[in-house]
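Just so you know, all these numbers are worked out from the coordinates, no wet-lab data involved. The structure displayed is predicted, hence computed values, not measured ones. Cβ: placed from backbone, ideal geometry, glycine included. Neighbour counts: every protein chain shown.
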There are 2 protein chains.
Amino acid sequence: MPRPLIALDWGTTRARAFLIGEDGTVLDRRIADQGIQSVPAGGFPAAFAAIAGEFRRVRPDAAIVLAGMVGSRNGWVEAPYVACPASTEAIAAAGIAVALEDGTPVTVLPGLSDDDGAFDVMRGEETLIVGLGLQDGIACLPGTHSKWAEVRAGRIERFASFMTGEVYGLLRQHSILARLAEEPAGGDAVDGASRGFAAAARPAGLLNAAFAARTEVLAGRMRGGAVGPYLSALLVAQEIAGARALFGQPKEIELVADGALAESYAAALTAAGLSFRITAPEAAFIAGVRRLAAGLVA
Amino acid sequence: MPRPLIALDWGTTRARAFLIGEDGTVLDRRIADQGIQSVPAGGFPAAFAAIAGEFRRVRPDAAIVLAGMVGSRNGWVEAPYVACPASTEAIAAAGIAVALEDGTPVTVLPGLSDDDGAFDVMRGEETLIVGLGLQDGIACLPGTHSKWAEVRAGRIERFASFMTGEVYGLLRQHSILARLAEEPAGGDAVDGASRGFAAAARPAGLLNAAFAARTEVLAGRMRGGAVGPYLSALLVAQEIAGARALFGQPKEIELVADGALAESYAAALTAAGLSFRITAPEAAFIAGVRRLAAGLVA
């Protein structure tokens with residue numbers, strides 16, 4: 001019998017909390033600043049009550065499932081990584097039970113590890129990937145540390161992380177390029193992006209292409225407003241090239257993103273000649289946590 | 001008739017000043033903090049006197065030649081870039097004359113520009129490349145913004161910049177990897193370097209390989225002390241791969257570096273199967289500025 005669900009994507013700096021009805025409808029949602037790094041030792045039951053206590057008052061019968069860094073060494077309880085290839089059932093089965101102050105059980109989901117090539121880990125993204133309901137395909141989850149994953153026969157076969165968002169921030173805010181960069185105006189976003197895609201296709205690589213933004217601006221050939229879009233396009237295109245080298249030529253990519261990030265990746269995938277389908281992260285999370293919760297109950 | 005020479009490699013944050021005898025012997029040298037960014041408008045004659053006045057008292061007959069950012073828009077005078085391909089004679093001929101307070105002439109050397117592929121510029125490195133006295137070959141000048149240049153028939157044919165040193169600093173000091181990185185001890189330098197070279201050879205690219213340092217350390221598979229050497233090896237290997245893609249497979253590379261930078265690049269070139277010859281930057285600068293000064297006199 002389906003139950004309502006209180007589900008948190010509880011990361012290092014933030015928690016996204018959802019109250020989900022029996023039929024999958026999101027009845028309520030909250031984004032809270034209480035990331036796990038702000039929770040003192042032993043403080044997780046109280047932090048949970050602060051974030052989602054209201055959901056419990058509304059639906060005291062709800063099952064409670066937590067995903068993300070809350071299952072890491074620095075979280076509520078360490079839920080050890082499940083090694084790839086990982087089925088939805090295996091991920092659900094590796095959930096760890098903890099209890100609220102009144103004894104109500106809470107399941108903390110594990111992350112995944114992949115030892116194929118470079119050792120890699122994820123926490124939280126596995127739930128979104130499960131939510132895509134893929135049998136076979138490639139998922140791309142852009143972010144500070146983007147993840148690409150291959151699903152085969154319904155299992156997460158392998159995945160890889162890319163430091164794209166973080167390197168963008170470092171170059172845009174802290175490198176020699178930061179002084180030249182301005183807020184994009186007029187055609188800057190389009191101009192910077194098309195230059196960035198072209199630069200990514202040149203053979204000299206990222207370290208050369210990033211520097212080229214400086215010389216182009218100093219020479220008056222590119223506007224300062226195009227620097228950010230240039231760097232973003234260059235880095236995203238490099239990420240996509242790396243993912244293709246790892247996963248081969250996918251027929252279609254499941255892009256899990258919204259807002260500006262979805263636009264950037266959609267443009268870069270299109271420039272790379274790849275077709276894709278966009279799913280909003282919230283929708284993927286809700287679907288994934290419901291699938292995993294069903295696995296827990298079964 | 002050869003004259004003694006006072007030569008400065010005058011950059012943004014520092015000046016390296018040399019008193020060079022008629023036969024090329026370095027009679028005296030000084031490194032000064034008076035980079036061009038610390039010199040107020042109109043203050044260059046006084047700054048020169050503070051840096052190299054003593055050399056003038058010793059050899060008042062010396063010719064004076066300045067290389068580097070001192071010839072940029074923010075320097076003493078703007079010496080416009082010479083476009084590649086550039087001969088030693090063309091570089092010398094593009095020097096701009098300024099005068100000390102007593103009227104003594106000073107030559108400010110130009111930089112080079114290259115519009116082959118990404119637009120690129122250099123100021124100062126051209127003097128070191130001239131100093132190598134190559135007829136045909138590839139020069140590698142590592143640094144914050146490394147330069148690679150191809151010399152054909154004695155001319156600097158084309159060149160490219162790589163943001164290697166700066167990106168290393170950003171990742172090592174300001175990224176998520178900074179918290180995990182420790183000072184190398186024991187075998188960390190060798191271990192990190194060999195892992196970095198291996199990671200650079202994997203197809204997923206820099207953004208993936210940089211992140212792998214984090215997961216390897218968190219998994220207890222790599223020591224924190226190996227993070228810096230890993231990143232250095234990864235980035236230098238990427239730079240070398242980019243340069244090879246641009247310049248083809250060189251027979252021998254002229255590596256202009258000393259100290260730890262020479263060691264890092266020597267290891268990376270060796271790992272890439274490339275042979276090289278090392279020239280110290282000071283020796284290359286002295287030889288280059290003497291060649292260019294001879295061109296000025298001729």
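May I ask for the Rg/Rh ratio of the protein assembly as shown, computed from Cα atoms with Rh as the Kirkwood radius, given to two decimals?
My calculation of the ratio gives 1.08.
Taking only Cα atoms of the stretch B:164-279, what ratio of Rg to Rh do you get with Rh as the Kirkwood inverse-distance radius? Before the final figure, lay out the partial values.
Working: Rg = 13.9 Å, Rh = 14.3 Å.
That ratio is 0.97, to two decimals.
Nothing charged except the Cβ atoms of Lys and Arg (+1) and of Asp and Glu (-1): what's the magnitude of the dipole of chain A about its Cα centre? Round to the nearest 20 debye.
With only Lys, Arg, Asp and Glu charged at Cβ, the dipole is about 420 debye.
Count charges around A:Ala32 for me, please; just the other residues with Cβ under 14 Å from its Cβ, Lys/Arg as +1, Asp/Glu as -1.
0
Along Cα→Cβ at 7 Å, what distances in nm separate the B:Ala50 label point from those on the other copies, shortest first?
Output for B:Ala50: 5.3 nm, nearest copy listed first.
Stick to the Cα atoms of the stretch A:202-242, pair each with every other, and give me the Kirkwood hydrodynamic radius in Å at one decimal. Walk me through the intermediate numbers first.
On the way: mean 1/r = 0.0948 Å⁻¹.
Answer for the stretch A:202-242: a Kirkwood hydrodynamic radius of 10.6 Å.
Give me a comma-separated list of calculated 3J(HN,Hα) values for the stretch B:125-138, in order, Karplus coefficients 6.51, -1.76, 1.60 applied at θ = phi - 60°, integers in Hz, x for any Gly or Pro.
Residue by residue, the stretch B:125-138 yields 4, 4, 5, 5, 5, 4, x, 6, x, 6, 8, 9, x, 10 Hz.
Output needed: percent of Cα pairs per 5 Å distance bin for chain A, bins running from 0 to the one holding the longest distance.
Spelled out per bin, shortest first, that is 1, 5, 12, 15, 16, 14, 12, 10, 7, 5, 2, 1, 0, 0.
Write down Rg/Rh for the stretch A:5-123, rounded to two decimals, with Rg from the C-alpha atoms and Rh from the Kirkwood relation over Cα pairs.
Reported Rg/Rh (Cα atoms, Kirkwood Rh): 0.98.
To the nearest whole number, what is the average tally of beta carbon atoms from other chains within 10 Å of the beta carbons of peptide B:159-171? Spell out each step's value before the answer.
On the way: counts 0, 7, 8, 8, 13, 3, 1, 9, 8, 1, 3, 8, 4.
Across B:159-171, the average partner-chain Cβ count within 10 Å equals 6.
List the aspartates and glutamates whose Cα lies under 13 Å from the Cα of B:Lys251, skipping any in the same chain that are fewer than 8 positions away.
Cross-link targets: B:Asp136, B:Glu150.
Which chain A residue comes nearest the axis with its C-beta when you rotate A onto B, and by how many angstrom?
A:Leu170, 2
Starting with the fewest neighbours, write out B:Ser146, B:Ser87, B:Ser264 ranked by other beta-carbon atoms found within 10 Å of each beta-carbon.
B:Ser87, B:Ser264, B:Ser146
May I ask what percent, to the nearest 5, of DSSP beta bridges between residues of chain B are antiparallel?
Here the antiparallel bridges make up roughly 65 percent for chain B.
How many angstrom lie between the Cα centre of the stretch A:17-62 and the Cα centre of the stretch B:1-77?
Each part's Cα centre sits 67 Å from the other's.
Compute the long axis of helix A:227-247 from its Cα atoms, compare it with the longest principal axis of the Cα atoms of chain A, and write down the angle in degrees, 0 to 90, nearest 10.
Compared with the principal axis, the helix lies near 60 degrees.
Please state the charge dipole magnitude for the stretch B:164-279, taken about the Cα centre, from unit charges on C-beta atoms (+1 on K and R, -1 on D and E), reported in debye and rounded to the nearest 20.
In total the dipole reaches around 400 debye.
Just for the protein assembly as shown, what percent of DSSP beta bridges are antiparallel, to the closest 5? Mind showing how you got there, number by number?
Working: 64 of 98 bridges.
That works out to approximately 65 percent antiparallel.
In peptide B:241-247, what is the residue-averaged number of other protein chain Cβ atoms found within 10 Å of each Cβ?
4
Which distances, shortest first and in nm, link B:Gly21 to the matching position in the other copies, using label points set 7 Å out along Cα to C-beta?
9.4
Where does the charge balance sit around B:Gly111 when Lys and Arg score +1, Asp and Glu -1, over other residues with C-beta under 9 Å from its C-beta?
Numbers: positive: B:Arg123; negative: B:Glu125, B:Glu126.
With Lys, Arg at +1 and Asp, Glu at -1, the neighbours total -1.
Taking K and R as +1 and D and E as -1, what net charge do the other residues with C-beta under 10 Å from the C-beta of A:Leu207 add up to?
Neighbourhood net charge equals -2.
How many angstrom separate the Cα center of the stretch B:101-116 from the Cα center of the stretch B:148-179?
Here the answer is 24 Å between Cα centres.
On average, how many beta carbons from a partner chain sit within 10 Å of the beta carbon of a residue in A:196-206? Write out the running numbers ahead of the final one.
On the way: counts 0, 0, 1, 2, 0, 0, 6, 7, 16, 12, 10.
Counting other chains' Cβ atoms within 10 Å and averaging over A:196-206 gives 5.
When the dipole is taken about the Cα centre of the protein assembly as shown, and only Lys, Arg (+1) and Asp, Glu (-1) are charged at their Cβ, what size is it in debye, to the nearest 20?
Computed about the Cα centre, the dipole is about 20 debye.
Are there trypsin sites (Lys or Arg not before Pro) in the stretch A:1-109 that DSSP puts in a loop and that have at most 14 other Cβ atoms within 10 Å, and which ones?
Listed in order of number, the matching sites are A:Arg73.
Taking chain A as the reference, fit the longest principal axis to its C-alpha atoms, fit the long axis of helix A:188-201 to the helix C-alpha atoms, and give the angle between the two in degrees, 0 to 90, nearest 10.
90 degrees
How many nanometers, to one decimal and shortest first, lie between the label point of A:Ala93 and those of its other copies, if labels sit 7 Å from Cα toward Cβ?
Copy-to-copy label distances for A:Ala93: 8.0 nm.
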